[in-house]
Amino acid sequence: MAALAEPNVSLPDGLAIALERVAAVHPECDLANPGTPSATVAVLRQKHGVLDHLVLADSPVVFEGPEGHTVVTDLRVDDVLPDLRAEVESHETHTQGHREALQRLVLAQREVRNTPDGYWVAGANPEAARHGLTGSTKLQEVRSAAVMSDGVSRLVTEYGMATWEEVFTALRTDGPRGLIETVRKTEATDPTGRRWPRYKSGDDATVAYCRW
């Protein structure tokens with residue numbers, strides 16, 4: 001937030017500055033370790049009648065305009081290690097087979113994370129900020145927008161239990177809390193991942209909803 005408060009700083013530059021600052025407060029940590037914590041990033045910034053966005057990994061920014069909804073998301077991780085991903089999804093959640101397959105996938109992903117042969121997320125290396133999906137949209141073309149983690153967007157993308165139009169209707173009427181409650185109620189109907197194979201029963205769910 002601090003890095004991007006200056007409107008002349010681009011979103012990639014601001015994210016890179018933020019990653020450098022976070023790494024600098026952990027001088028005794030082995031930040032070169034592939035298991036170093038990392039995160040997806042979704043940023044929406046308004047300035048001078050324009051909305052700038054940056055998306056790194058699978059937390060999307062979704063715009064609602066007169067012609068419908070535009071989704072900006074980075075799904076490059078889905079193209080990495082497809083065989084191991086399929087193995088994880090072949091097991092029910094919370095089973096021993098699922099845990100073992102997930103561990104194999106996580107270890108393999110660490111080896112290609114933030115490399116040209118893999119995918120990019122926000123970690124200790126500020127270079128990752130240069131690999132986000134960026135763009136700009138005129139504010140006059142947007143009615144509202146939502147910035148969310150994939151723990152919310154999966155209601156549409158993975159579960160198929162809502163359209164983006166229905167998601168934005170829920171945001172208008174019930175707010176982010178109501179939408180997240182809908183996600184959790186949906187996941188509760190399939191706790192072991194039989195209907196919707198996935199890594200875990202539910203993922204972190206965060207939404208920021210903007211209207212103009």
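No value in this document is a laboratory result; all are computed from the given coordinates. All of these numbers come straight from a predicted model, not from anything done at the bench. Note: ideal-geometry Cβ built from the backbone for every residue, glycine included; neighbour counts use all protein chains shown.
Can you list the HN-Hα couplings for segment 138-149, worked out from phi with the Karplus curve (6.51, -1.76, 1.60; θ = phi - 60°), rounded to whole Hz and with x for Gly and Pro? Using θ = phi - 60°, the values come out as 5, 4, 5, 8, 10, 8, 7, 8, 10, 10, 8, 7 Hz. Size descriptors for segment 1-113, from the alpha-carbon set: Rg then Dmax equal 18.2, 53 Å.
Its Cα centre serving as origin, segment 76-118 has a Cβ charge dipole (Lys and Arg +1, Asp and Glu -1) of approximately 200 debye. The residues neighbouring Asp58, those whose beta-carbon lies less than 15 Å from its own, together hold a net charge of -1 under the Lys/Arg +1, Asp/Glu -1 convention. Restricting attention to the chain, close to 95% of DSSP beta bridges with both partner residues there are antiparallel.
When Lys and Arg each count +1 and Asp and Glu each count -1, what net charge do the other residues less than 11 Å away from Pro34, Cβ to Cβ, add up to? Charge balance near Pro34 sits at 0.
Remark on Gly135: its backbone amide H falls under 5 Å from those of His53, a criterion applied only to residues 5 or more positions apart or on other chains, H modelled at 1.01 Å from N. Hydrophobic, long helices, defined as DSSP H runs whose alpha-carbon span along the helix axis is 15 Å or greater and whose mean Kyte-Doolittle value is at least 0.0, occur in the chain at 11-24. 3J(HN,Hα) along segment 119-124: 9, 10, 9, 7, x, 7 Hz, from the Karplus curve 6.51 cos²θ - 1.76 cosθ + 1.60 with θ = phi - 60°, whole Hz, x for Gly and Pro.
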